[in-house]
Amino acid sequence: MLYFAYATSLSRRQMAEHCPGAKPRMAAKLPHYKLIFAGWSRKWRGGSATIRQSQGDVLAGALYEITAPDLRQLDKYEDYPATSDHLNVKVVTEEGDFVDALTFIRKGRVEESQPSAEYLAIIRQGYRDWGLASSTGKTSLFHEMDRQSRSRGNAEG
């Protein structure tokens, strides 16, 4: 089966750690979704990534080939079924083909929140790992997050 990775799962190092059997395949895009940060993660000390439907947006990510045991490892990492659900999606490959894949989405309605700088750095590395950093809107997302963090820091200092 194919797994559509986004956020920290784009980092090849992160995927090798929490799902060593996953085989990287290719970059892909998920139409009509966007990346958001929500809730609070003790591990990351800030909001964690999820996706939200958003007409007209396109989320860049990557496809991994996974087995049923790989999915069980990802389920643990993504805290399924407690806080996330599986979502079957159709993604567009680099060749323009639509393929079925599975991804994760946070359960319920959650407030958007600020991710930590450490968390964003891992996500940035994942986009670089896949050669996506300059070809997606994520660069502007990161710029905006950095700007907000700096302005919040100045207001507190």
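Each value in this text was obtained by applying a stated rule to the coordinates, not by laboratory testing. In this text the structure is predicted, and so the values were computed from the model without any measurement. Here Cβ is always computed from backbone atoms with ideal geometry, including for glycine, and neighbour counts include all displayed protein chains.
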Notebook entry, point to check: Quick one: if the Förster radius is 35 Å, what FRET efficiency do residue 18 and residue 55 give, using the C-beta to C-beta distance and rounding to 0.05?
Noted result: 0.65
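Could you compute the FRET efficiency for residue 65 and residue 124, with r as their C-beta to C-beta distance and R0 at 22 Å, rounded to 0.05? Write out the running numbers ahead of the final one.
On the way: r = 24 Å, r/R0 = 1.11.
Between residue 65 and residue 124 the formula returns 0.35.
Quick one: grab the alpha carbon gyration tensor of the range 1-135, order the square roots of its eigenvalues as a ≥ b ≥ c, and give me rounded if a/c is under 1.5, else prolate or oblate depending on whether a/b is larger than b/c. Write down the numbers at each step before the final one.
Values: a/c = 1.28, a/b = 1.17, b/c = 1.09.
Rounded.
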Notebook entry, point to check: Hey, which lysines would be in cross-link range of residue 90, C-alpha to C-alpha under 22 Å, not counting anything within fewer than 8 residues on its own chain?
Noted result: 23, 29, 34, 107, 138
